[in-house]
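The values are calculated or read from the model by the stated rules, or taken from the named source; none is laboratory data. From a predicted model like this one, the values you see are computed outputs, not experimental measurements. We place every Cβ from the backbone using ideal geometry, glycine too, and count neighbours over all the protein chains shown.
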Amino acid sequence: MDYKKELENLILNVINENGSDLHLGALRKPAIRVAGELIFLAKYPVLTQEDLWGFLGEILDKTKIDRFKESQEADFSYDFHGEARLRGNAFFQKGLVNMVFRLVPKVQTLEQLHLPPILADLARKKQGFFLVVGPVGQGKSTTLSAMIDLINSEQTRHIITIEDPIEHVYVANKSIINQREVGIDTQDFHVALKEVFREDVNVIMVGEMRTPETIATAVTAAETGHLVLSTLHTNNASQTIDRIIDSFPGNQQDQIRAQLSSSLLGIFSQRLVPRIVGGLIPAYELLLNNNAVANLIREKRTHEIDVVIETGTESGMIDLNHSLMELVRTGEISIENAYEYSLNPKGLERLI
């Protein structure tokens, strides 16, 4: 089998069907995810373990394959003729090789992504810590890419991204953009973050906050005159703050609370909801840091943040239920999906 040609045919299926993911596993047919649903490709044969190693050989060099056999996990990116880019993960299950590819959307503007204009104002800030959060596959990286692209098109700044793997590839416009891939260009997120202080950087984008050391260095960078953008796999703003603080030992939590209360710009939580006409559209929550929010963080009262968001619309905050209801009102999504994606269905019911 010509594994390169076969892999690219499979990727074309994802692109042509406006899909988001490609699933390959030994002893089953390939599958793609379209509008949130998995679809098995009936015209393809069941893949063998040999097929999976063949596909992997088109993506990873021998050194990385040896590392995969040892660690049993591998992250990678794949360029499809310069027309599309995918990020992927290879893993074992029951001793069999599996791979999942995610199609990285092309860099789009905030307007094209149906995101609120206030994100542009946040992207123009000179310093602070801004997080985009939500479950896996909800467009966090795509939102950050739009913010980075806005900075690149408007300002002369030095932007460094630290990613694992690199997803969106930027073309320098007004800014200098250096993209560093963990495992290729740097040992890990924390090492790369420590080094940025010597690299005359203005904007730092960290693919994911994985360790307390990374979080602590990112917050320090935000305090010392840098704009730091990153993601976390959390459900909403209040949970995000708790997750950050709880990742530190008890004797360090008061310090990180104080740092976070002063350096945080905001937290944007998003969900991709099926549209009535097909496709997906974001619903979101936005917390903006102000004196009230900073006090709640310092005083260990993060459970009150949801109320601050609900009552903070005049200052630019957005709560998820109002975002969902606006999408229902404009005919973008069904009321059933609004309930399904709400984190507070009883609160949503009061808005109807």
Exercise. Look through SER247, SER238 and report the one residue that is of a type in the set (Ser, Thr, Tyr), in contact with a Pro (Cβ under 6 Å, 6 or more places away or on another chain) and in the same structural domain as GLY128 (by TED's automatic domain parsing).
Key: SER247
Quiz item: How many residues are surrounded by fewer than 19 Cβ atoms within 10 Å (Cβ to Cβ) and more than 28 Å from ILE148 (Cα to Cα) when one looks only at the stretch 69-110?
Solution: 12
Self-check item: Matching residues, the stretch 189-210, being touching a residue at least 24 places away in the same chain (Cβ under 8 Å) and in a loop (DSSP other than H, G, I, E, B)
Solution: GLU199, ASP200, VAL201, ASN202, GLY207, GLU208, MET209
Quiz item: Mind checking which residues of the stretch 16-34 are more than 11 Å from PHE101 (Cα to Cα) and free of Cβ contacts under 8 Å to residues at least 40 places away in the same chain?
Solution: ASN16, GLU17, ARG28, LYS29, PRO30, VAL34
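Could you tell me which residue of the stretch 118-160 is farthest from the chain's Cα centre (by Cα), considering only residues that are of a type in the set (Gly, Ala, Ser) and farther than 23 Å from GLY88 by Cβ?
Taking the stretch 118-160 first, the residues of a type in the set (Gly, Ala, Ser) are 120, 123, 128, 134, 137, 139, 141, 145-146, 153.
Add one more test, that the residue is farther than 23 Å from GLY88 by Cβ, and what stays is 120, 123, 128, 153.
Working: ALA120: 17, ALA123: 16, GLY128: 18, SER153: 21 Å.
Going through the qualifying residues, I end up with SER153.
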Quiz prompt | Selection count where residues are surrounded by 18 or more Cβ atoms within 10 Å (Cβ to Cβ) and either closer than 16 Å to SER261 by Cβ or at pLDDT below 95 (or both), scope the stretch 281-305 | solution = 8
Quiz item: Has the stretch 40-52 got at least one residue that is within 30 Å of GLU154 (Cα to Cα) and modelled with pLDDT under 95?
Solution: no
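Could you tell me which of the residues ILE176, ILE160 is at negative phi, among the β-branched types (Val, Ile, Thr) and surrounded by fewer than 22 Cβ atoms within 10 Å (Cβ to Cβ)?
The unique qualifying residue is ILE176.
Only one of these is surrounded by fewer than 19 Cβ atoms within 10 Å (Cβ to Cβ) and of a type in the set (A, V, I, L, M): LEU41, LEU119, LEU115. Name it.
Values: LEU119 fails: surrounded by fewer than 19 Cβ atoms within 10 Å (Cβ to Cβ); LEU115 fails: surrounded by fewer than 19 Cβ atoms within 10 Å (Cβ to Cβ).
From the options LEU41, LEU119, LEU115, the qualifying one is LEU41.
Quick check on GLY266: is it crowded, with 20+ Cβ neighbours inside 10 Å and within 22 Å of the chain's Cα centre (by Cα)?
Working: crowded, with 20+ Cβ neighbours inside 10 Å: yes; within 22 Å of the chain's Cα centre (by Cα): yes.
So GLY266 fits the description; yes.
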Exercise. Restrict the check to the stretch 231-254 and report whether at least one residue is crowded, with 22+ Cβ neighbours inside 10 Å, within 23 Å of PRO117 (Cβ to Cβ) and among the polar types (S, T, N, Q).
Key: yes
Quiz item: Quick check: anything in the stretch 68-82 farther than 22 Å from GLY137 by Cβ, under 23 Å from the mean Cα position of the chain (by Cα) and not hydrophobic (A, V, I, L, M, F, W, C)?
Solution: yes
Practice problem: Answer with yes or no whether ILE276 is closer than 30 Å to ARG33 by Cβ, in the same structural domain as ARG124 (by TED's automatic domain parsing) and in contact with a His (Cβ under 8 Å, 6 or more places away or on another chain). | Solution: no
